[in-house]
1. With a cut-off of at least 2 residues that are more than 23 Å from ASP183 (Cβ to Cβ), name the strands (runs of 3 or more DSSP E) lying wholly within the stretch 65-131.
2. Only residues that are crowded, with 16+ Cβ neighbours inside 10 Å and either at pLDDT below 95 or within 13 Å of the ligand (Cβ to nearest atom) (or both): list them for the stretch 166-180, please.
3. Which pairs do you get when a residue that is within 12 Å of ARG163 (Cβ to Cβ), found in the stretch 85-111, comes within reach of a residue that is surrounded by 12 or more Cβ atoms within 10 Å (Cβ to Cβ) and among the acidic types (Asp, Glu), reach meaning Cβ atoms under 9 angstrom, with the pair 6+ apart or on two chains?
4. Could you tell me which residue of the stretch 144-165 is surrounded by the fewest Cβ atoms within 10 Å (Cβ to Cβ), considering only residues that are more than 10 Å from the ligand (Cβ to nearest atom) and either part of a strand (DSSP E or B) or not assigned by TED's automatic domain parsing to the domain that holds VAL126 (or both)?
Amino acid sequence: MATVEHSNGAHSAGVEDGVRRRDFINIAAVSAAGVAGLATLYPLLNQMNPSADVLALASTEIDISAIKPGQAVKTIFRKQPLFVRHLTPQEIQAANQVPLSELRDPQSLAERTKPGKAQWLVTMGVCTHLGCVPLGAGEGENRGPFGGYFCPCHGSAYDTAARIRRGPAPKNLEVPDYSFKSDTVITVGKAA
Ligand code: FES
């Protein structure tokens, strides 16, 4: 009896050793791929952040000169997506035509932009429902029924002032602290 158990045990251990060795080789291969992936990604992420140590900074500068009317860009601010959008005159008009009484989180476009700069809409790219990244800033992305941003997670739709118009999100997309350093550069966050 003891011999059989010993024999089976030895056999099992042998198989397990084999499995463990193979797993280790697989894990080692995956880890190597992961490291290579990270190495490739790093220059891209680094490019998205104007300064290498941006995550530690209280503020960051963004050159907006290349964003044409109707376009938007996604960038990163304090580890979160940030949208900068250059509104067309039609999009500004559409936002201004909505009575505040119809809004769940009533705010005019003027309150969400800087004086004389209503065409520049700067918001966090974080849905106020459960934090997904809404579509609409990338080229060709679905902007939803109100022409602003659309959250694919549960269907929240934001208008051209990034105000919540339909779906479960309770609030407009957040406008962070920012200021115009010049006509073509904004500083997001409080300058240190
Ligand atoms: S997280 Fe955007 S609708 Fe739910």
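1. Details: elements: 72-77, 80-86, 120-124.
Fully inside the stretch 65-131 and qualifying: 80-86.
2. GLY167, ALA169, ASN172, LEU173, listed by residue number.
3. Matching pairs, first to second residue: ALA94/ASP159; ALA95/ASP159; VAL98/ASP159; LEU103/ASP159.
4. GLY147
The values are calculated or read from the model by the stated rules, or taken from the named source; none is laboratory data. None of these values were measured; they are calculated from a predicted model. Neighbour counts are summed over all protein chains in view; Cβ atoms, including those assigned to glycine, are modelled from backbone coordinates with ideal geometry.
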